[in-house]
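The structure appears right after this line, and notes come after that.
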Amino acid sequence: MDKSKRKLALPHRILMEAEKPARYTGGELNSVMKEADLVKIRFCFCFPDVYEIGMSHLGMQILYGLMNSYEDVWCERVFSPWTDMDAIMRREKIPLFALESQEPVKNFDFLGFTLQYEMCYVNILQVLQLSGMALYSRDRGEDDPIVIGGGPCTYNAEPIADFFDIFYIGEGEVNYRKLFDLYEEHKEKGYRKADFLHDAAKIEGIYVPALYDISYNDDNTVKSITPGYDDIPATVRKTVVKDLDGSFYPTAPVVPFIQATQDRAVLEVMRGCIRGCRFCQAGQIYKPVRARKVDTLMRYAEELLNNTGYEELSLSSLSTSDFPGLKELLERLINMCNEKKINISLPSLRIDAFSLDVMNKVQDVKKNSLTFAPEAGSQRMRNVINKGLTVENILNGAEMAFKGGWNKVKLYFMIGLPGEEDEDVAAIAELSNEVAALYYDTVPKSERQGRVTITASSSFFVPKPFTAFQWAAMNTPEEFLRKAAHCKTKVREQLNQKSIVYHYHDASTTIIEGVLARGDRRLAPVIEEVYRNGGIFDAWTETFSYQRWMDAFESCGVDYGFYIYRERPEDEVFPWDVIDSGVTKKYLYREWMNSKAGTVTLNCRDKCVGCGAGSFTCGICIQPRGGAA
Amino acid sequence: MSVSVRFRFSRKGPVRYTGHLDMLRYFQKAVMRSGLPARYSEGFHPHQIMSFAYPLGVSMETEGDYMDLDMTQELGEEEMLNRLNAVMNEGISVSRATVLKDNAENAMALVAAADYRVSLSGDTDKAADAVRRIMEAQEILIDGGETKRGKKKKDPKNIRQGILDMHIEEDGSLFMKLVSGSAMNVRPADVFDKLNEAAGGGLYTECICRLEIYALRDEKLIPLADADKKDA
Ligand code: SF4
Ligand code: SF4
């Protein structure tokens, strides 16, 4: 079907009222049109945030491409209508529609949300309601789409469990096909939603929250999580792509007309991370680390550029410096990209002689800043969080960079880490000063291009499920702000304070994120209340309201402090214990203890510490190296 | 070697809701995909040397807009068109490609007039009479807008001289030929508003389509594609 002949869901007059009408018209390059009558399954994929953010997300492009490669499935996209369009659609009573066919979401077989951050939860309710569906799974009918969630937040999606029929745990490439086959089977033999969901729950990675009963202790902690049937698993195990190199890659991603946050081709070189930073959830839930082959990546890069016309290519992974074939890959990419006049962007490279040399080749040194993420100011705290970056690493890297002509440095920190003292916070200021001082020591006056700029930013730490800090207590907003103010004062006391800019994030968003991250099903009414009181786009400072959340906790009788302000005991049952991420609770607790002792743990490449992910028998876990597997 | 090529393009359907800068980015990517030998600027982040004759407003369709591109090699018109059209998104296509003479003026500076087709709905039987009244009038005043700082209102402008032609086509749509350029620039939406006013309201348009853009050569309006042709 010709994209240019599609009838749009929104009339001209309404499109002209919108701030950016192209958010709602679809038809972009590489978007997929199919004949609705010729497919058996209509899947609507939703990123519950604004179009430009959602379109920058690689995971969506992967599943979109994969699902559309199935002849019997048509996967389309929908995003949260921005506040202007949200108001218009309510006023005009226009149901939310998918971008490709422009047909109402309610007519689809599946509505799949990717859950990338907790602050998008209210937008899920926005999308459900604008689609004309009941918010709670139990109130929806046989004809409503199956509402399914995937992505990192599903590792504890309990706060939104009542709104969903299914959570897909793990990498979608693995079992969506099985789920679709099952759905078609049920459709043929006479579909009943409850039967389908019951059977779906037997597929690995498929969590049907309604089939698990949660009971609570008198102290409000979870007592038990019990499956409602004997033939569904007690814990839901995540699915892992064992052969990443042979798995599907979207080399013809949809290219938006309007400028997305990521206006570039993205090459995922590796999945997972070998480093076990104790605050980091991604490092644990994407284990084990698996790399693609350089030849494969070169082929993808070429196809990507030919199919999209992007003028920039970005390497993506959690920690690209750890990619085994990096040197070869970059050499070959730089050759290819020079020829084609393509820019290469290299986020998340550790600063060392090699990376500086590469960056020198691909970037304008004067315009770009160097980025270090020490995450904590003092070495003591960096041991606590297991961040293996030392002051020497930073200073050596910075010195080389200053000699190479860089004079802007960004430093990322966290405040509110477990066991943090005021002196650890002050160390942020001291480290920033040291880097600034190094510039003046390294670069002679005659060669300086103005003043060095050190931008130090701190975010407030949120303990996440499936990390060593899942037992930890969070700071209160008052503590956060006091510490940030302390840091600021300390920055002002430094000799080179004029060269240092210090920023810190918003503390109130952090609190809500913390509650949602480790919350349980009793939070669903709170999220509903926030939404009913006008809460949408919580991830945006201009639309977020802390008060709205506080009011909702109050009116729902929920003590939110319970979820964040207490250190949890070793034997506490967590709401997310129903998920089996491969990484064992025993290992995480060991890491929690190591953190308290300030003991550093080696990364997967130096030594396997038996985290549990070895049970997936793939990636680094089955490669020969030191330590016991 | 450097050669400038002027592409005439059209855009139809839902893609008309993209803005001018988005079209620019769209064409840059399309040129990339096509493998046309674009010439790049110097510097760390080289970019294509591309410019448009007339920004396309959000929601406007076109059958005759122009994009100039510098290339490092001269190719035949058919080859250039085939290569670009092979990688176009549905709704956008190129219909002509003319190699420009060496000292050709920049397309934007050449624009002297443009043709438009305006879809009409609502009380369309009042349209013909309103058109006649506009064409007979000496003065058609539109709001002069605000001064650069946005403080004061400018005097109203008389755009009557800028309406070169206006009539109702057989299919019921409205045709307009309007003056464009730095001295006087008449916007089709403004003229439509005046027409609606003359009709006493009730007229609507859902789509304005630019049909052609002209340059002025020897007192005559000629399509931009023919204005600075090499060997012409
Ligand atoms: S390096 Fe550390 S913070 Fe980065 S992804 Fe790996 S574990 Fe997480
Ligand atoms: S099992 Fe060992 S090698 Fe595998 S992810 Fe865990 S610690 Fe790393």
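The values are calculated or read from the model by the stated rules, or taken from the named source; none is laboratory data. In this text the structure is predicted, and so the values were computed from the model without any measurement. Heads up, the Cβs are rebuilt from the backbone with ideal geometry, glycines too, and the neighbour counts pull from every protein chain shown. Only protein heavy atoms, including side chains, enter the accessible area calculation; ligands, DNA and RNA are left aside. Shrake-Rupley method; radii C 1.70, N 1.55, O 1.52, S 1.80 Å.
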Once phi is turned into ³J(HN,Hα) by the Karplus curve 6.51 cos²θ - 1.76 cosθ + 1.60 with θ = phi - 60°, what whole-Hz value does each residue of the range A:212-220 show in order, with x for glycine and proline? 10, 9, 10, 10, 10, 7, 4, 7, 6
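Considering only protein heavy atoms and a 1.4 Å probe, what is the carbon-and-sulfur percentage of the accessible area of the range B:112-220?
Of the solvent-accessible surface of the range B:112-220, carbon and sulfur hold 46 percent.
For the range A:331-455, state the average projected area of the convex hull of the C-alpha atoms over all orientations, rounded to one decimal in nm².
Values: hull surface 33.8 nm².
So the mean shadow area of the Cα hull is 8.5 nm².
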Accessible-area order (highest first, 1.4 angstrom probe) of the listed residues A:R625, B:R210, A:R138: A:R138, A:R625, B:R210
Show log10 I(q)/I(0) for the range A:146-236 at q = 0.14, 0.20, 0.23, 0.25 Å⁻¹, two decimals, from a solvent-free Debye sum over equal Cα scatterers. -0.51, -0.98, -1.24, -1.40
Accessible area per residue for the protein assembly as shown in Å², computed with a 1.4 Å probe and the full protein assembly in place, what is it? 41 Å²
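If you take every residue apart from A:P209 with its C-beta less than 9 Å away from the C-beta of A:P209, what net charge results, scoring Lys and Arg +1 and Asp and Glu -1? Working shown, then result.
Working: positive: A:R521; negative: A:E158, A:D162, A:D165.
With Lys, Arg at +1 and Asp, Glu at -1, the neighbours total -2.
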For the range A:266-394, what are the per-bin percents of Cα-Cα distances with bins 5 Å wide, up to the bin holding the maximum? 2, 10, 19, 20, 19, 15, 10, 4, 2, 0
Do you know which residues of the range B:1-38 lose at least 20 square angstrom of accessible area in the protein assembly compared with their chain on its own, with a 1.4 angstrom probe? B:P14, B:Y17, B:T18, B:D22, B:R25, B:Y26, B:Q28, B:K29, B:M32, B:R33
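For A:S247 and A:T371, what is the calculated FRET efficiency with R₀ set at 35 Å and r taken between the beta-carbons, to the nearest 0.05?
Values: r = 30 Å, r/R0 = 0.85.
Working from the Cβ atoms, E equals 0.75.
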So how exposed is A:I620, as accessible area in Å² (1.4 Å probe, rounded to 10)? 10 Å²
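Please give the average number of partner chain Cβ atoms lying within 10 Å of the Cβ of each residue in A:244-256, rounded to a whole number.
Numbers: counts 0, 0, 0, 0, 0, 0, 0, 0, 0, 0, 0, 5, 4.
Counting Cβ atoms of other protein chains within 10 Å of each residue's Cβ and averaging gives 1.
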At 7 Å along Cα-to-Cβ for each site, give me the label-to-label distance between A:K341 and B:N103 in nm. 2.6 nm
Amide H of A:G132: which non-local residues (sequence gap of 5 or more, or other chain) have their own amide H closer than 5 Å, using H built in the peptide plane? A:L96
Which three lengths, in whole Å and largest first, does chain A cover when its Cα atoms are put on their principal axes? 77, 64, 54
Using 0.36 nm times the number of residues separating A:D506 and A:Q259, minus their current alpha carbon distance, what extension gain do you get? 86.3 nm
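Using alpha-carbon pairs under 8 Å, 6+ residues apart, how would you state the relative contact order of the range B:108-216 in percent?
Numbers: 198 pairs, mean separation 49.9, N = 109.
Across the range B:108-216, relative contact order equals 46 percent.
Starting from the range A:546-609, pick out the GluC sites (Glu not before Pro) whose DSSP state is loop and whose Cβ has at most 16 other Cβ atoms within 10 Å.
On the way: sites: A:E554, A:E567, A:E570, A:E572, A:E591; in loops: A:E567, A:E570, A:E572.
Passing sites in the range A:546-609 are A:E567, A:E570, A:E572.
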Quick one: what does P(r) look like for the range B:112-220 with 10 Å bins over all Cα pairs, in whole %? 14, 45, 31, 10, 0
Residue with peak Gaussian network fluctuation, chain B [Cα springs, cutoff 10 Å], from B:Y40, B:Y66, B:Y214: B:Y40
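Report, in debye and to the nearest 20, how large the dipole of the range A:158-278 comes out about its Cα centre when Lys and Arg carry +1 and Asp and Glu carry -1 on their Cβ. Working shown, then result.
Numbers: 15 positive and 21 negative charges, 78 e Å.
Computed about the Cα centre, the dipole is about 380 debye.
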Of all accessible heavy-atom area on chain A, the percent that carbon and sulfur account for (1.4 Å): 49 percent
What are the extents of the Cα atoms of the range B:3-109 along their three principal axes, listed from largest to smallest and rounded to whole Å? 34, 29, 26
Rounded to two decimals, what is Rg over Rh for the range A:175-316 when you use alpha-carbon atoms and the Kirkwood radius? 1.09
Cβ-derived FRET efficiency at R0 51 Å, B:F175 paired with A:L58, nearest 0.05: 0.60
What total accessible area, in Å², is buried where chains A and B meet, using a 1.4 Å probe and rounding to the nearest 100? 2600 Å²
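Restricting to DSSP H runs of at least four residues, report the calculated mean residue ellipticity at 222 nm for chain B, -39500 (n - 2.57) per run over all residues, nearest 500 deg cm²/dmol. Let's see the in-between values first.
On the way: 5 runs with 50 residues, N = 232.
It lands at -6500 deg cm²/dmol.
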Sum -39500 (n - 2.57) across every DSSP H segment of at least 4 residues in chain A, then divide by the residue count to get the 222 nm mean residue ellipticity, nearest 500. -10000 deg cm²/dmol
With just the Cα atoms defining each centre, how far is the range A:316-364 from the range A:254-314? Give it in Å. 13 Å
When the scattering of the range A:3-237 is computed by the Debye formula from its Cα atoms alone, each counted once and equally, what is log10 I(q)/I(0) at q = 0.11 Å⁻¹? -0.56
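Inverting the mean 1/r over all pairs of different Cα atoms, compute the Kirkwood radius of the range B:59-151 and quote it in Å.
18.3 Å
Suppose a student asked you for the relative contact order of chain A, using Cα pairs under 8 Å spaced at least 6 residues apart; what percent would you report? Walk me through the intermediate numbers first.
Working: 1154 pairs, mean separation 87.4, N = 629.
Relative contact order here is 14 percent.
What does the average come to when, for each residue of peptide A:257-265, you count the partner chain Cβ atoms lying within 10 Å of its Cβ? Can you show the working numbers first?
Values: counts 12, 7, 4, 0, 0, 0, 2, 0, 0.
Across A:257-265, the average partner-chain Cβ count within 10 Å equals 3.
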Which part of the range B:19-35 falls in the paramagnetic zone of B:Q73, meaning amide N under 17 Å from the point 7 Å along Cα-to-beta-carbon? B:31-35
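Of B:K153/B:K177; A:K403/B:K29; A:K106/A:K178; A:K408/A:K483; A:K5/A:K341; A:K20/A:K498, which pairs sit farther than 30 Å apart, going by alpha carbon to alpha carbon? Numbers along the way, then the final one.
Numbers: B:K153/B:K177 28 Å; A:K403/B:K29 36 Å; A:K106/A:K178 23 Å; A:K408/A:K483 25 Å; A:K5/A:K341 35 Å; A:K20/A:K498 40 Å.
From B:K153/B:K177; A:K403/B:K29; A:K106/A:K178; A:K408/A:K483; A:K5/A:K341; A:K20/A:K498, over 30 Å: A:K403/B:K29; A:K5/A:K341; A:K20/A:K498.
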Those residues in the range B:189-232 that give up at least 20 Å² of accessible surface, probe 1.4 Å, once the partner protein chains are present instead of the chain by itself are B:E206
Efficiency of FRET from Cβ geometry, A:L211 and B:N85, R₀ 56 Å, rounded to 0.05: 0.55
Over the range B:182-232, what per residue volume does the convex hull of the Cα atoms give, in whole Å³? 109 Å³
Given B:P188, B:G200, B:M176, which one lies farthest toward the positive end of the charge dipole of the range B:112-220, if we put +1 on the Cβ of every Lys and Arg and -1 on the Cβ of every Asp and Glu? B:P188
